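Where a number appears in this text, it was derived from the coordinates with a stated rule and is not lab data. Everything numeric in this text was worked out from a predicted model, so none of it was measured. Here the Cβ is made from the backbone with ideal geometry for all residues, glycine too, and neighbour counts use every protein chain on show.
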Amino acid sequence: MAREEGRKSKKVRLDLGRVLLLVLALWVALGFARNAVANYKLRREIESLNRRIAVLEMRKEDLEREIEEWLSPENVEKIAREQLGLVKPGEVVYRLSEPAD
């Protein structure tokens, strides 16, 4: 009878050890899974931000090109002539008006 009790307590200890090992393994696996999910989310966010950066860089290039066009001597002269009515020295401006009814 004492032998049977000794075996039961030994068996209980082995089962308890296995349970603790299983809990530890699950805890480690859960930690890895949690880090993997966080890593996946961060990679998705990085990809999204890289796409946004590419779009903004293209927009920046477009705006720089537009600034160059606006500041070109030809465009400045065109604006000065059309909007401000300026003329070069020696030029004569003829304005046509609509006939009055």
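Just a few scattered comments:
- Label positions at Arg81 and Val55, each projected 7 Å from the Cα along the C-beta direction, are separated by 4.0 nm.
- Tilt relative to the chain, helix 2-71 - C-alpha long axis, 0 to 90 degrees, to 10: 0 degrees
- Qualifying GluC sites (Glu not before Pro) for segment 39-101 [loop in DSSP, other Cβ within 10 Å: at most 11]: Glu91
- Cα long-axis angle, helix 73-82 against the chain (0 to 90 degrees, to the nearest 10): 60 degrees
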